[in-house]
Every structure is written in structure tokens, then in C-alpha cells.
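For reference, the structure is listed below as C-alpha cells.
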Amino acid sequence: MRIPYRRTDGQLNLLVDSTGIKFLGEGERQARKHSVKGRRQWQKVHLAMDMATSDIRAVEFAPRRDGDSPILPGLLDKIPDNEEVGSVTADGA
């Protein structure tokens with residue numbers, strides 16, 4: 001699938017948030033098959049969305065135990081240098 005790139009006129013205003021994604025850990029499928037409770041595994045995904053276009057501009061994955069604040073610089077590094085970031089809005093997590 002090809003998704004067209006839509007550049008924002010002027011400064012880029014980003015909304016940043018994260019969510020958890022559950023995935024099957026090693027042996028979890030077998031544990032479910034045999035009715036044994038296993039530990040769920042989670043991965044955090046951090047997203048930076050353009051307010052003007054609602055396009056996801058950057059994605060960063062991190063261990064679920066990591067806080068959100070340390071991830072922000074790496075997320076912003078994924079924005080091309082020729083695009084000026086005017087504002088970043090995020091929650092306090």
C-alpha cells in the first residue's frame with residue numbers, strides 16, 4: 001500500500017501520545033492452547049501526528065516500562081530537517 005505524503009504549509013504542529021500493543025510472547029500461544037495462564041507481553045508505541053493533516057509523522061517503539069518523556073527527542077529526530085516544528089502537544093506522562 002502506498003500512502004501519499006502531504007506536506008504541511010508553514011510550521012508543523014504535532015500531537016504526541018503513546019499506547020500499548022499486546023503481542024504473543026514466547027510460549028503464550030501454547031499456554032492458551034493447553035489452558036495454562038501465561039504472562040502477557042506489551043510494547044509501547046509512540047506516535048507524532050500532524051494536527052493539520054492527521055498524518056502520522058513519526059513512530060517510535062519502546063519497552064513498556066520506559067516513560068514517555070525520554071522517547072520524545074528520538075521521535076522528533078525522525079521529522080525531516082527541512083520541516084520546522086512549530087509546536088508539540090503531549091500529555092504529562
task: Please go through region 52-66 and pick out each residue that is among the charged types (D, E, K, R) and either in contact with a strand residue (DSSP E or B) (Cβ under 6 Å, 6 or more places away or on another chain) or free of Cβ contacts under 8 Å to residues at least 12 places away in the same chain (or both).
output: R57, E60, R64, R65
- prompt: Is region 66-73 home to any residue that is out of contact with any helix residue (DSSP H, G or I) (no Cβ under 9 Å at 6 or more places or on another chain) and over 24 Å from F23 (Cα atoms)?
  reply: yes
Region 52-87, residues that are part of a strand (DSSP E or B) and either surrounded by 15 or more Cβ atoms within 10 Å (Cβ to Cβ) or of a type in the set (K, R) (or both): R57, A58, E60, A62
- prompt: List pairs: first in region 67-89 and under 10 Å from L14 (Cα atoms) and at pLDDT 90 or above, second surrounded by fewer than 13 Cβ atoms within 10 Å (Cβ to Cβ) and not acidic (D, E), Cβ under 8 Å, 6+ apart or cross-chain?
  reply: V85/Q11; G86/G10; G86/Q11; S87/Q11
- request: Please determine, by comparing only the residues of region 20-51 that are farther than 23 Å from I71 by Cα and surrounded by 14 or more Cβ atoms within 10 Å (Cβ to Cβ), which one is modelled with the lowest pLDDT.
  value: G38
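The values are calculated or read from the model by the stated rules, or taken from the named source; none is laboratory data. Keep in mind the model is a prediction, meaning the values are calculated, not measured. Because the Cβ atoms are built from the backbone with ideal geometry, glycine has one as well, and the counts that use them run over all protein chains shown.
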